[in-house]
Amino acid sequence: MTQSDFDADVAIIGYGPTGVSAANFLGSQGLKVVAFERDKDIYQRARAVTVNDWTLRCFQSVGLDQTLLKDMDPHTSYRWKTYTGKVLRTVKVEPSTMGQPPAMAIYQPVMEQTLRDGAARFADQVEVRFGQTVSAVDQDGAGATVATADGQKVRVRYVLACDGGSSATREHLGISLLGDTIETRWVVIDARVKRWWPERHILTFWSDAKRPVVDIALGLGNHRWEFPLGPDESESDFATKEQLWTLLGSMGVTPEDVEIHQHAFYKHHVRKAERWRDGRVFLLGDAAHLMPPWAGQGMQSGIRDAFNLSWKIALVIKGTVVGAEAQRLLDSYQAERAPDVAFMTAVTEQLGRIIKMQMTAKEKALAGASALLARIGIPIPTLPVALPPALVAGWMTGKRSKQAALGKMPPQPMMSTATGKYGRMDDLIGPGFVLLGDNCDPADLLSAEQRAAWDRLGARYVPVRAANQGSETQSDLIDLYGTLISWMRAHRTKAIALRPDRFVAADQPTGLASPCDPNS
Ligand SMILES: Cc1cc2nc3c(=O)[nH]c(=O)nc-3n(C[C@H](O)[C@H](O)[C@H](O)COP(=O)(O)OP(=O)(O)OC[C@H]3O[C@@H](n4cnc5c(N)ncnc54)[C@H](O)[C@@H]3O)c2cc1C
């Protein structure tokens, strides 16, 4: 098939946070995209409440992090507290090494608008058809055809189904959604803040077996409470603002403090699609996996799915990676993302057990130790979800180990170019594959075949020098605080090969060969 047989490279079904992120990532790769969104406007109910350093690093790659951050506020700490005032656990938000703030409160509709504006920068390539419901997806060996309810048809090479938890694409493909839905219904109340109250900024999980409540400051002067409905309560008991005020009133919140502006009911799900790829069609975001909100990882997981898959699809569509290797690369999407989503879901469930006072004996012991530490002024340093991201398997050369850099995401320090231009590492090294050498040219560590394989991927080779050394070439980077060099040395490698998503694809101990080098 020729290029002219296709209307676009990729069709995106659903333009929620996952779909619009994919549009940005694919647009920045130079691909032609058609996105279909059944709604005419952004869904105005705020759902997700937070993003972290990893997610912001994804958006940094498309130049959107600073614009997004303008509408976000920092989280400072989290606590799990009972109504009697006992603190079960506190976590202080620590600075991140990722070159991004560690945890930011968002206001989802505003964030989605910024992402839509971001995708509009690629207007020549990214076309969005609002008010269009996709009704069928058919595929063959050469491509896929996406049809809408009103008879439009678009022929593409690949399809990204970002159509949410009740994904019709997933159903159409006969892919089961495994897992459970927890029957308790929750009411989510969003309000605008009129006056500050003590410790409003501390994200508090009011932990209680009967009425656990989430109490969280959102971005742009908004605040959120989430209440479970009791067994004898229904949505009609909380249909009016007066009824909602009985809930807020029970938390000591008054109309002098906030103005309620919306509420919604929802159930929690712990579910995943049995497979995330069917030939040319991929499931992303809530279409592929659903988790409760306790760790704030649902939306972010969808964004990371889109980031993980976009550069891989671009390599395949551009013909950089072909044949069986192309299939292996595309299959690595689920191989890499599913373990991360499973980890985030497990952490989420654990945090949920604290708020519902359903902790296991081990978790109770941990909570006890945490409370003790908190009492003597030492907060538990971090949540597992805040650890630097790492792949457990996937498209990389060799096997991961705890000590190795392979599969990990290195820190993003401030650096300087050889000519004295300061900036964050990712901005200075630019997009795509980059090999970084600790005080050496990483290209010198490669055999001719290895070099050729990295060249085929368009890799660049960057020597990294310490600040007390002189540069040797124009492409040298200066590690001003020694952060990256220390990280490489701690991981016992003289060089690392970064993928476009900044995970280490190869390191010196595993031979520095590209994952698609036949000799690797
Ligand atoms: C109360 C609550 C709190 C949450 N808190 C957090 C949090 O703190 N952090 C976090 O990361 N996540 C959180 N989440 C989860 C987060 O909101 C979702 O994971 C996220 O919105 C999923 O994004 P998505 O784009 O995959 O799906 P969706 O947001 O569901 O978007 C899917 C889009 O596809 C469109 N669509 C569907 N079918 C079709 C079709 N056939 N044709 C065309 N368009 C179609 C829909 O109109 C929709 O716009 C929370 C969720 C809830 C309910």
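Numerical summary
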read-out	value
Matching entry among PHE25, PHE59, PHE36 (being more than 26 Å from ASP426 (Cα to Cα), modelled with pLDDT of 95 or more and surrounded by 16 or more Cβ atoms within 10 Å (Cβ to Cβ))	PHE36
Sole exception among (1) more than 11 Å from the ligand (Cβ to nearest atom); (2) touching a helix residue (DSSP H, G or I) at 6+ places or on another chain (Cβ under 8 Å); (3) within 30 Å of ASP278 (Cβ to Cβ) for SER167, by number	(1)
When residues of region 1-21 are limited to those that are outside any strand (DSSP E or B) and in contact with an Asp or Glu (Cβ under 8 Å, 6 or more places away or on another chain), the one farthest from the ligand (Cβ to nearest atom)	VAL20
THR67 more than 15 Å from the chain's Cα centre (by Cα), of a type in the set (Ser, Thr, Tyr) and at pLDDT 95 or above	yes
Output for region 203-231, where each listed residue is among the acidic types (Asp, Glu) and either at pLDDT 95 or above or touching a strand residue (DSSP E or B) at 6+ places or on another chain (Cβ under 6 Å) (or both)	ASP215, GLU226
Number of the condition not met by ILE42 [criteria: (1) surrounded by fewer than 21 Cβ atoms within 10 Å (Cβ to Cβ); (2) among the aliphatic types (A, V, I, L, M); (3) touching a strand residue (DSSP E or B) at 6+ places or on another chain (Cβ under 7 Å); (4) closer than 30 Å to GLN152 by Cβ]	(3)
Residues that are surrounded by fewer than 19 Cβ atoms within 10 Å (Cβ to Cβ) and within 16 Å of the ligand (Cβ to nearest atom), drawn from region 306-346	ALA342, PHE343, ALA346
Selection from region 249-282 of residues that are within 16 Å of the ligand (Cβ to nearest atom) and among the polar types (S, T, N, Q)	GLN262
Search result, residues across region 123-161 that are out of contact with any strand residue (DSSP E or B) (no Cβ under 8 Å at 6 or more places or on another chain) and within 16 Å of TYR15 (Cβ to Cβ)	ALA123
Qualifying residue in region 154-165 (condition: assigned by TED's automatic domain parsing to the domain that holds ALA342, of a type in the set (D, E, K, R) and within 30 Å of SER234 (Cα to Cα))	yes
Residue, farthest from VAL188 (Cα to Cα), within region 283-305, restricted to residues that are part of a loop (DSSP other than H, G, I, E, B) and within 7 Å of the ligand (Cβ to nearest atom)	LEU284
Meets criteria (surrounded by 20 or more Cβ atoms within 10 Å (Cβ to Cβ), of a type in the set (Phe, Trp, Tyr) and touching a strand residue (DSSP E or B) at 6+ places or on another chain (Cβ under 7 Å)) for TRP454	yes
Criterion (among the hydrophobic types (A, V, I, L, M, F, W, C) and either within 24 Å of TYR43 (Cα to Cα) or in contact with a Leu (Cβ under 6 Å, 6 or more places away or on another chain) (or both)) met by exactly one of ILE189, ILE202	ILE189
Filter result for PRO463 (surrounded by 22 or more Cβ atoms within 10 Å (Cβ to Cβ) and farther than 19 Å from GLY407 by Cα)	yes
Residue in region 206-215 that is within 11 Å of the ligand (Cβ to nearest atom) and assigned to a loop (DSSP other than H, G, I, E, B) present	no
Subset of region 258-282 [assigned to a loop (DSSP other than H, G, I, E, B) and buried (at least 18 other Cβ atoms within 10 Å of the Cβ)]	TRP276, ARG280
Qualifying residue in region 109-120 (condition: surrounded by 13 or more Cβ atoms within 10 Å (Cβ to Cβ), in contact (Cβ under 8 Å) with a residue 40 or more places away in the chain and of a type in the set (Ser, Thr, Tyr))	yes
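Each row is one residue, and each column tells you yes or no for (1) among the small types (Gly, Ala, Ser); (2) under 28 Å from the mean Cα position of the chain (by Cα); (3) more than 26 Å from GLY298 (Cβ to Cβ); (4) within 15 Å of the ligand (Cβ to nearest atom).
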| residue | (1), (2), (3), (4) |
| --- | --- |
| GLN132 | no, yes, no, yes |
| ASP140 | no, no, yes, no |
| ALA144 | yes, yes, yes, yes |
| TYR158 | no, yes, no, no |
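The values are calculated or read from the model by the stated rules, or taken from the named source; none is laboratory data. Everything numeric in this text was worked out from a predicted model, so none of it was measured. Neighbour counts run over all protein chains shown; Cβ positions are idealised from the backbone, glycine included.
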